[in-house]
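Peer 1: Provided herewith is a single structure, encoded as structure tokens, for subsequent inquiry.
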Amino acid sequence: MSFSTNPVTLVIQASLLCTAGLLILSLLSFLFIPKPLANIPYTRSSAWIAWGDLLSLALHNFRTHEVFDWLDKQCIKHTSPIVQVFLPNYSITRPVVIVTDQQEIEDITIRRSAIFDRTPLMHAWFDVLFPRSTVTMQTTPEFKEKRRLFLTVLQNAFMTNVTAPCIYQASQRLLQLWERKMHAAGGFPFDASEDIQQTMVEMIVPMLTGTHIDLLNSKKEQIGDDTVRHRGNVANFRAYYPPLYNALQTLSFYLDLTTQGISPPVYTWVFKKLPTFRKAQKTMDIFLTQIIGASRERLSKSPATNSGQVTCAIDQVLRCHPRDGMPDYREHDEFLKDELLQLIIVGQSSTSSTPAWTLKWLADCPVAQHRLRQALLSAYPSIADSHGATPSLSHLLSINVPYLEAVIAETFRLSRVGPASFRHTTVDTQILGRFIPAHTNVMLVTDGPSQVLTKPLPVNAVDRSDSSRKSAHRWPTWPHRNDLHEFKPERWLRDEVDEKSCPITLFNAKAGPLLPFSAGPRGCYGQKIAMMELRILLTMLVLRFKFVQLPSELSKYSSYDGLTKTPSCCYVKLEKVDEAVVVKEAQSSELA
Ligand code: HEM
């Protein structure tokens, strides 16, 4: 195009160019900038720029390493339990809806699960490691059959005979390691997060595969004068790990990067070409192929009756027959390998964050720690006389300690370990009275800000769905909100009288809103395993060690967010518990 020298023609040409430019921009914005949904608050400026809210999220993550609390902040900013954000990495055609009201989230996940299915985004996030695993799938008949095979792992007999011993043995190895570290550290605190994470790996890997990865014992053996370094006010221990564990760590690292990344498909494409990633993937693939082969061999030795000894989850799955008319997914090795890797990685990451948070709270709240220890010693009186003993596994499985349940619930409430579930609308629908079109991504902040805010975000009861209104009686609100920032397990306890009219204290799971594992058919698969891990591990730790309060610089409550919300600072300073003293205290407080 050539421009005229005549001013009038030039003005006309410029006007035409501007109009064309505006038309192109409007077209681009029509094509690439999602239109806001009606009646749902959003940040006005974000609706006009191609990157929407992504810059704000990226800056927040860069500053704090956190992601999940940015979701809360959007709802708090607009004083609304439902908001929309524009995240082109999630969708370039539609806004993403964030919901933080727990009553409505429970309703969506349980009673409206057909309308809110797993988002296809999950496939993009997990494609890098386990593309054929169930976590990436929508709730199709194929998903249901595959999930059914692995649900057999949650049966009581398997949990008691296989899962519980794996958890117990790994917890004992952690106690032994920490006894050694306590002495070697010479009164200095040390970082606990890696030890806890490795304990979870030592629980979950043998439970799923029948193979023990030796991390804690070998670490204990490696402690010598030359492996302890005192830097500042903390003791550091150096250790070397087996290639399988290193491979697991490498894969988890790349998964965290992909789930947080701006474009998971691009990250996946790049990572799959990196030699470190490929080496780790090969090591894991060889391991998983071997354990599936070994399990098939065990099964072939006791095939017809299925009575052969089940040593791990893969044994249990290979013994479970497919339903009529369904393909036999036990023959699909690529699926079995992906599903096992998914359970190893997802299982150990979320459960290691939780006890790490609990130990921080217990160290900073000595009264709660003392009450927990007293409650445990009253529940297991037989161990009181034998110094340093731990309850037997059968004892641990048979006794319920309400204060321990309350400590775990309070940790979930305040630490918000796995705070978000991702869904996708399958049809046009409504949330809290607002229209949501089909194929919209919805983020459910299951451990939402209303768990800690002094004033909950307002909801008009008439806006709730019918099914939500009908279940409203199940949703208590905290009577006092001014102390919601404090760690107070007592808020989860209820005093009652038993059949002999004696006063008893019970754990009240419905004392306040809490959904740490989400809910419904796509809620957490591993909830039963996680709760068993937490109960056993915390009981054994608190009976053996006193967790000493640390100076504030070693006791920060910041986190880094990947698959879960993990404390970025988890040091422990240990003292051996003198049971005799604690029991006397417990008995005298009972008498009083
Ligand atoms: C304290 C520990 C844990 C927490 C807080 C936690 C939390 C969650 C949450 C919030 C979800 C999302 C559910 C949804 O989308 O609605 C989830 C999903 C899942 N979790 Fe956990 N989890 C924990 C431990 C475990 C363990 C130990 C395992 C495995 C052994 C596990 C396996 C899974 C799987 C496979 C899914 C995907 C479920 C599906 O696709 O239907 N989790 N978890």
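Values quoted throughout were computed directly from the atomic coordinates according to the rules given, and no laboratory measurement underlies them. None of these values were measured; they are calculated from a predicted model. Ideal geometry is used to build each Cβ from the backbone, glycine not excepted, and the neighbour counts take in all protein chains shown.
Peer 1: Dipole size in debye (nearest 20) for the chain around its Cα centre, Lys and Arg Cβ +1, Asp and Glu Cβ -1?
Peer 2: 780 debye
Peer 1: Of Leu174, Leu87, Leu154, how do they rank once you tally other Cβ atoms within 10 Å and put the fewest first?
Peer 2: The order, fewest Cβ neighbours first, is Leu154, Leu87, Leu174.
Peer 1: OK, next. Given the C-alpha centroids of segment 292-357 and segment 41-102, what is the distance between them in whole angstrom?
Peer 2: Taking the Cα centre of each part, segment 292-357 and segment 41-102 sit 39 Å apart.
Peer 1: Let me ask something else about it. Per residue of segment 126-140, what does 6.51 cos²θ - 1.76 cosθ + 1.60 with θ = phi - 60° give for ³J(HN,Hα)? Whole Hz please, x for Gly and Pro, Karplus curve as stated.
Peer 2: 9, 4, 4, 10, 9, x, 9, 7, 5, 4, 8, 9, 7, 7, 8
Peer 1: Give me, ordered by chain and number, the residues 5 or more places off Thr429 or on other chains with an amide H under 5 Å from its own placed amide H.
Peer 2: Counting only residues 5 or more places away or on other chains, the set is Ile436, Ala438.
Peer 1: Starting from the Cα coordinates of segment 189-326, work out the convex hull volume and express it per residue in Å³.
Peer 2: 178 Å³
Peer 1: Using only Cα atoms, find the angle between the long axis of helix 366-379 and the longest principal axis of the chain, and express it within 0 to 90 degrees, rounded to the nearest 10.
Peer 2: The helix 366-379 is inclined about 50 degrees to the chain.
Peer 1: Between Thr19 and Lys455, what is the label-point separation in nm under the 7 Å Cα-to-beta-carbon projection?
Peer 2: 5.2 nm
Peer 1: Would you please give the FRET efficiency between Met531 and Thr505, computed as 1/(1 + (r/R0)^6) with r the Cβ-Cβ distance and R0 = 25 Å, to the nearest 0.05?
Peer 2: The pair Met531/Thr505 has a calculated efficiency of 0.80.
Peer 1: In degrees, nearest 10, range 0 to 90: what is the angle between the Cα axis of helix 164-184 and the longest Cα principal axis of the chain?
Peer 2: That helix lies at roughly 80 degrees to the long axis.
Peer 1: Long-range amide H contacts for Lys272: which residues qualify at under 5 Å (H placed 1.01 Å from N, peptide plane, sequence gap of 5 or more or a different chain)?
Peer 2: Residues meeting the criterion, in which the H sits 1.01 Å from N, do not exist here.
Peer 1: A further question on this structure: Once you list every other residue whose beta carbon is under 12 Å from the beta carbon of Leu414, what net charge do they have if Lys and Arg are +1 and Asp and Glu are -1?
Peer 2: So the environment of Leu414 carries a net charge of +1.
Peer 1: Okay, next question. Describe numerically, in nm with one decimal, the distance between label points set 7 Å from Cα along Cα→Cβ at Asn61 and at Asp364.
Peer 2: In this crude label model, Asn61 to Asp364 measures out at 2.5 nm.
Peer 1: On to the next question. Just to be sure I understand the curve: with the Debye formula and one point per C-alpha of segment 441-513, what is log10 I(q)/I(0) at q = 0.22 Å⁻¹?
Peer 2: Result of the Debye calculation: -1.14.
Peer 1: In what sequence do His480, His212 fall when counting other Cβ within 10 Å, fewest first?
Peer 2: His480, His212
Peer 1: For segment 139-163 and segment 459-537, what is the separation of their Cα centres, given in Å?
Peer 2: 25 Å
Peer 1: Rank the residues Met540, Met326 as a footprinting-exposure proxy: fewest other Cβ atoms within 10 Å of their Cβ go first.
Peer 2: Arranged by neighbour count, lowest to highest, Met540, Met326 become Met326, Met540.
Peer 1: A further question on this structure: Would you kindly derive the ³J(HN,Hα) couplings of segment 398-411 from the backbone phi angles with the Karplus curve 6.51 cos²θ - 1.76 cosθ + 1.60 (θ = phi - 60°), listing them in order in whole Hz, with x for Gly and Pro?
Peer 2: 9, 10, 9, 10, x, 5, 5, 4, 5, 5, 5, 4, 5, 4
Peer 1: Also, I was wondering about something else. For Arg319, what charge total do you get from the other residues with a beta carbon under 12 Å from its beta carbon, if Lys and Arg give +1 and Asp and Glu give -1?
Peer 2: Local net charge: +2.
Peer 1: Give me, ordered by chain and number, the residues 5 or more places off Tyr571 or on other chains with an amide H under 5 Å from its own placed amide H.
Peer 2: The answer is Ala192.
Peer 1: Label points 7 Å out from Cα along the Cβ direction at Lys273 and His212: separation in nm?
Peer 2: 4.4 nm
Peer 1: Sticking with this structure for a sec: Can you tally the net charge around Lys273? Count Lys and Arg as +1, Asp and Glu as -1, for every other residue whose Cβ sits under 15 Å from the Cβ of Lys273.
Peer 2: Around Lys273, the surrounding residues sum to +3.
Peer 1: Further question on the same structure: Considering every pair of different Cα atoms, what Kirkwood radius, in Å, is found for the chain?
Peer 2: 26.4 Å
Peer 1: Compute the long axis of helix 275-301 from its Cα atoms, compare it with the longest principal axis of the Cα atoms of the chain, and write down the angle in degrees, 0 to 90, nearest 10.
Peer 2: Compared with the principal axis, the helix lies near 50 degrees.
Peer 1: Additional query: What lysines sit close enough to Lys220 to cross-link, taking a C-alpha to C-alpha distance under 18 Å and skipping anything fewer than 8 places away on the same chain?
Peer 2: The reachable lysines, counting only those whose Cα sits under 18 Å from Lys220, are Lys181, Lys573, Lys576.
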